[in-house]
1. Select from segment 31-54 the residues that are part of a helix (DSSP H, G or I) and not basic (Lys, Arg) and write down the one among them that is surrounded by the most Cβ atoms within 10 Å (Cβ to Cβ).
2. Restricting to segment 84-115, name every residue that is assigned to a strand (DSSP E or B) and either at pLDDT 95 or above or under 28 Å from residue 30 (Cα atoms) (or both).
3. Kindly indicate the residue of segment 55-83 that is over 20 Å from residue 19 (Cβ atoms) and modelled with pLDDT of 90 or more and also surrounded by the most Cβ atoms within 10 Å (Cβ to Cβ) among those meeting that condition.
4. Any residue in segment 127-137 that is closer than 21 Å to residue 22 by Cβ, in contact with a Phe, Trp or Tyr (Cβ under 8 Å, 6 or more places away or on another chain) and buried (at least 18 other Cβ atoms within 10 Å of the Cβ)?
5. What are the pairs with Cβ atoms under 7 angstrom where one residue, in segment 1-30, is hydroxyl-bearing (Ser, Thr, Tyr) and the other, located anywhere, is at pLDDT 85 or above? Sequence gap at least six, or different chains.
6. Looking only at residues in segment 113-126 that are of a type in the set (A, V, I, L, M, F, W, C) and in contact with a strand residue (DSSP E or B) (Cβ under 8 Å, 6 or more places away or on another chain), which one is nearest to residue 97 (Cα to Cα)?
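The values are calculated or read from the model by the stated rules, or taken from the named source; none is laboratory data. Worth saying up front: this structure is predicted, and the values here are computed from it rather than measured. Cβ placement follows ideal geometry from the backbone for every residue including glycine, while neighbour counts extend to all protein chains displayed.
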Amino acid sequence: MSATFFQEQAEQSQVKAAIVTKYFWAWGKIITAWQAKTRREQKIAYIDLFAGPGRYKDGAKSTPLLILEQAIADPVFSKSLVTMFNDRNDETTSTLLEEIGKIKGIKTLKHQPDVYTSEVGEEIVKMFEDLNLVPTLFFVDPWGIRACRSG
């Protein structure tokens, strides 16, 4: 990925963030309503393996911050959402953690976001094998896939 990717949010990145957050909101509402109706624990997850720093240099928020803000604003989501964000670059995940910490109301979430610094590969697969996943929107941004970068 280009070093300038997170300088300014491109139009296609804006559209992607809008689609993902709107889809997640609609999907999450359906799943948590079904869980409530069937008296199951209301718990959903959002996992982003190529999360980035959370904010572009021009100030625009990327998907992780938008998803978290959505959860904070909704009483059901604030209790039910589990988030996992990953990026292979430790500087990027450090910035993401800082940006998450700046979100007003972040401490009101029942499940605080987990942020990992890992190359997507065997280690990540092993981590998910050990988890007992709840209904999850698993976002894998093709910009981060090694095959796309190499050719």
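1. 32
2. 84, 85, 86, 114, 115
3. Applying the filter and picking the extreme gives 80.
4. Within segment 127-137, none of the residues are closer than 21 Å to residue 22 by Cβ, in contact with a Phe, Trp or Tyr (Cβ under 8 Å, 6 or more places away or on another chain) and buried (at least 18 other Cβ atoms within 10 Å of the Cβ).
5. Listed by first residue and then by second, the contacts come to 21/63; 21/66; 21/67; 21/70.
6. 115
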